[in-house]
Amino acid sequence: MKEELIISGRMNPNIDPVLHIWHWQIPLYLFLGGLAAGILFFAGLYTILGKGDKYRGAVVYAPFVAPLALVLGLIALFLDLKHQLYFWRLYTTIKLESPMSWGAWTLIAITPLSFLWAALNIREIFPQWKWKFTFLDTLEEFFRRHIIPLAWALVVLSVILGIYTGILFSAFNARPLWNTSILGPLFLTSGLSTGAATIIILARSHKERMMFSRIDLGLIIVELFFIVHMFMGFLASTQVQIDAAALFLGGPYTAPFWVLVVGMGLVLPAILEAMELAKFRVPAIIPASLVIFGGIMLRFIIANAGQVSRWLY
């Protein structure tokens, strides 16, 4: 009898029974990036529309959250890197076919702009604020004169950032759950929704809260449409994608997804926002907080379930 010894690494942690290469850092980063994109999109949009004075929560107060979210997201992304000292190599080339290249260059552009936008509105928070150097006053005056081009830059970059958070997943063809073009629009819509929810929490006027409750309600409906469309696409596709959909349709991710994301993060806040718009007294922080919670859960569940889905069984 001839014996053979087979040595395998499959029993290593995060290898068997499924390969887990992305941990909590990536979904956290994707959520924070989407949140910042949503906030900055509305800040730029309402500035372009000339409604900055009418919607101060969107244009002035909520954008202070964006640079903090981007910095925390970049820290999470940095922690996930295997060779952290070589992150700068992302900026030695531009690859239009690479989602990571798009993301790296978008982040390096939108992050300083988010700080700049907050700096232009800092006197709204601290009325006695004065810059220590005169050249900073000159810079402030320059950017205030060119606030519309700056707002357009925020709108364009925030849309790219919001879509990129989904395309980063969908570019992985080896993961059937992620291999769908719907993730880009879904994550963009989710980011806009969490941004609108943040504005609702920080808005100073009832009129502004009602306005963004309507916007958020519309975004939730669009998000539900994308989710339904995603599963319809899976069920009408190949066997591996049918099996990927089965993770959410009777599989281990059924309860977390349909309860935490769809139920608590979309349907319930939609009902509460509709009640609020119908003149029922609903504390605005409740549906807004549920929307933000749903946005976090969406990314964590998609990230983990995507790594479970695979071609080989």
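A single entry from G250, G263 fulfils the requirement of being small (G, A, S) and part of a loop (DSSP other than H, G, I, E, B): G250.
What residue, of I221, I227, is surrounded by fewer than 17 Cβ atoms within 10 Å (Cβ to Cβ), among the β-branched types (V, I, T), part of a helix (DSSP H, G or I) and under 18 Å from the mean Cα position of the chain (by Cα)?
None of the other options fit; the residue is I221.
Annotation note: Cβ proximity below 6 Å between a residue of the stretch 232-255 that is aromatic (F, W, Y) and a residue that is in a loop (DSSP other than H, G, I, E, B) (sequence gap 6+ or interchain) occurs for Y253/L247. Residues in the stretch 75-97 that are modelled with pLDDT of 75 or more and of a type in the set (S, T, Y): T92, T93.
Of the residues screened, N173 is not one that is within 17 Å of A303 (Cβ to Cβ), more than 17 Å from the chain's Cα centre (by Cα) and surrounded by 22 or more Cβ atoms within 10 Å (Cβ to Cβ).
Just to be sure before I move on: is I163 out of contact with any strand residue (DSSP E or B) (no Cβ under 7 Å at 6 or more places or on another chain) and either touching a residue at least 40 places away in the same chain (Cβ under 8 Å) or not in a helix (DSSP H, G or I) (or both) in the structure I sent?
Values: out of contact with any strand residue (DSSP E or B) (no Cβ under 7 Å at 6 or more places or on another chain): yes; either touching a residue at least 40 places away in the same chain (Cβ under 8 Å) or not in a helix (DSSP H, G or I) (or both): no.
No; evaluated as a whole, the condition is false for this residue.
Which ones in the stretch 228-238 are touching a helix residue (DSSP H, G or I) at 6+ places or on another chain (Cβ under 9 Å) and either over 23 Å from F300 (Cα atoms) or modelled with pLDDT of 95 or more (or both)? Of everything in the stretch 228-238, those that are touching a helix residue (DSSP H, G or I) at 6+ places or on another chain (Cβ under 9 Å) and either over 23 Å from F300 (Cα atoms) or modelled with pLDDT of 95 or more (or both) turn out to be A236, S237.
Residues considered: L107, L90, L81. Of these, the only one that is touching a residue at least 24 places away in the same chain (Cβ under 8 Å) and within 23 Å of the chain's Cα centre (by Cα) is L107. Selection of first residues in the stretch 124-146 that are free of Cβ contacts under 8 Å to residues at least 24 places away in the same chain and of second residues that are part of a helix (DSSP H, G or I), restricted to Cβ pairs under 6 Å at least 6 apart or on distinct chains, gives the following pairs, ordered by first then second residue: W129/I122; W129/R123; W131/D137.
The values are calculated or read from the model by the stated rules, or taken from the named source; none is laboratory data. Note that this is a predicted model, so its numbers are computed, not measured. Quick reminder, even Gly has a Cβ in these numbers, built from the backbone with ideal geometry, and neighbours come from all protein chains shown.
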